Amino acid sequence: MKIGENWIQKIGKVNSVILGLLIVLWGCVFLVHGQVGVVAFVLLKLYLPFIGIALMGITFIWTIWRVVKKRKIAQPLVGFLMSSIMGATMLTNLGIIDLAYPAQTENLTSVIVEWPFQETTVVGWGGNTVAENYHAAYPNIRYAYDLVMQPYDINSESNADYGIWNKAIYSPVKGTVIGTCNEEKDIIPNLEEFSSQLGNYVFIEIEDTGTYLVLAHMKEGSVQVKVGQEVEVGTLLGNVGNSGTSSEPHLHIHHQRQNPVEILTFAEGLPLYFKGIDAGALPVKGTVVTPNH
């Protein structure tokens, strides 16, 4: 009998398949990268944990049953271990373990853009670590920012009480508008009555790189540009709102490789840097940013 066949016989065919799947997926994340790595990571983080947790229950019961029957328990124990590994990434979703998507920043297409506001702004979330930027845990928004203005995080249920509410958003890049949404209602802060992920948004194909900029959570009816419109740096795009998956008024902005009209969840997030501000090119959480112009 071949070594491989002997191994499969010992641990079981199902366990062998699960082990092989985990090796392939994590290999894609750490070795292949690109959109293949993104898809693998999303599967590992958002889908397989639920299967793993269900299998943990099944293999636990299976182990107890075999103990009662005084039968060998090697295979169910291995199955419990495999399913535990599969389900462990749920801990990253719950914030118990901080796991940033392991992107190779130096090998990705980055852009340096202008600041989208003409007023002093605060970086609500931004940076390379999950502690500074929860977006870092998700490959499509790996380098995203959430921007706010004083006052913020005040637990008010009135959008007008937040400093960034209704502030004008200006295009940080030269490019072409490829997607907009302008009809979604703004939600009450902190109630989490979400009806979509992005809410009202503007998608721009960046002229210099052919990559895409996503600006989201804009105010209902405020979007000033149309699909197909060419925009320059400084073109008025709309106003900050509180639409989509949002806890309070803010601007979400990120850079990605794939067309966001077609792909969002499985898109590859790309580095996004800023110029023309009195802060570093990659301002982290808590940084107060004032445009130089």
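The values are calculated or read from the model by the stated rules, or taken from the named source; none is laboratory data. Just so you know, these numbers come straight off a predicted model, no measurement behind them. We place every Cβ from the backbone using ideal geometry, glycine too, and count neighbours over all the protein chains shown. Calculation scope for accessible area: heavy atoms of the full protein, side chains included, ligands and nucleic acids excluded. Shrake-Rupley method; radii C 1.70, N 1.55, O 1.52, S 1.80 Å.
Cross-link partners among aspartates and glutamates for Lys285, C-alpha distance below 15 Å, same-chain residues fewer than 8 apart left out?
Glu132, Asp146, Asp153
Taking 7 Å along the Cα-to-C-beta vector as the label spot, tell me the Gln229-Leu94 distance in nanometres, rounded to one decimal.
4.6
Show me the GluC sites (Glu not before Pro) within the range 166-223 that DSSP assigns to loop and that have at most 12 other Cβ atoms within 10 Å of their Cβ.
Answer by residue number: Glu183, Glu192, Glu193.
Go through Ser195, Tyr47, Gly228 and say which Cα lies farthest out towards the positive end of the charge dipole of the chain; charges sit on Cβ, +1 for Lys and Arg, -1 for Asp and Glu.
Farthest along the dipole direction, towards plus: Tyr47.
Accessible area of the chain with a 1.4 Å probe: how many percent of it is carbon plus sulfur?
Values: 8410 of 14220 Å².
Exposed carbon and sulfur together represent 59 percent of the surface.
What figure in square angstrom, to the nearest 10, would you give for the accessible area of Phe194 with a 1.4 Å probe?
Its heavy atoms expose roughly 90 Å² to the probe.
Would you please give the FRET efficiency between Ala279 and Val14, computed as 1/(1 + (r/R0)^6) with r the Cβ-Cβ distance and R0 = 35 Å, to the nearest 0.05? Kindly include the intermediate steps, with their values, before the conclusion.
Numbers: r = 53 Å, r/R0 = 1.50.
Given R0 = 35 Å and the Cβ-Cβ separation, E is 0.10.
For the full complex of protein chains and a 1.4 angstrom probe, list Arg257, Arg66, Arg71 by accessible area with the highest value first. List each step's numbers first, then the result.
Values: Arg257 80, Arg66 55, Arg71 125 Å².
Ranked from most to least accessible, the order is Arg71, Arg257, Arg66.
Between Gln104 and Val261, how high is the FRET efficiency from 1/(1 + (r/R0)^6) when r is the Cβ-Cβ distance and R₀ = 30 Å? Nearest 0.05. Before the final figure, lay out each step's value.
Working: r = 26 Å, r/R0 = 0.87.
Efficiency, rounded to the nearest 0.05: 0.70.
Given springs between every Cα pair under 10 Å in a Gaussian network model of the chain, which of Trp65, Trp125, Trp26 has the largest fluctuation?
Trp65
Once R0 is set to 41 Å, what does the formula 1/(1 + (r/R0)^6) return for the Cβ-Cβ distance between Leu22 and Asn292, expressed as a FRET efficiency to the nearest 0.05? Show your work: numbers first, answer last.
Working: r = 49 Å, r/R0 = 1.19.
FRET efficiency, Leu22 to Asn292: 0.25.
Tell me what the chain gives for mean residue ellipticity at 222 nm when only DSSP H runs of n ≥ 4 count, each as -39,500 (n - 2.57), the sum divided by the residue total, rounded to 500 deg cm²/dmol. Let's see the in-between values first.
On the way: 6 runs with 72 residues, N = 293.
Calculated mean residue ellipticity at 222 nm is -7500 deg cm²/dmol.
Note down the nm distance, to one decimal, between modelled labels 7 Å out along Cα→Cβ at Val36 and at Trp65.
3.9
Determine the per residue accessible area of the chain with all protein chains present and a 1.4 angstrom probe, expressed in square angstrom. Provide the component values of the computation, followed by the final result.
Values: 14220 Å² over 293 residues.
For the chain, the per-residue accessible area is 49 Å².
If the cut-off is 21 Å between C-alpha atoms, which lysines fall inside it for Lys185, apart from same-chain ones fewer than 8 positions away?
Counting by Cα, and skipping residues close in sequence, Lys185 has these lysines nearby: Lys167, Lys219, Lys226.
Using θ = phi - 60° and the Karplus form 6.51 cos²θ - 1.76 cosθ + 1.60, what ³J(HN,Hα) does each residue of the range 65-71 get, whole Hz, x for Gly and Pro?
4, 5, 5, 4, 7, 6, 10
Sum up the lysine pairs in the range 1-154 that clear both bars: alpha-carbon distance under 17 Å and a spacing of 8 or more or different chains.
Numbers: Lys2/Lys10; Lys2/Lys13; Lys10/Lys72; Lys13/Lys72.
Qualifying lysine pairs in the range 1-154: 4.
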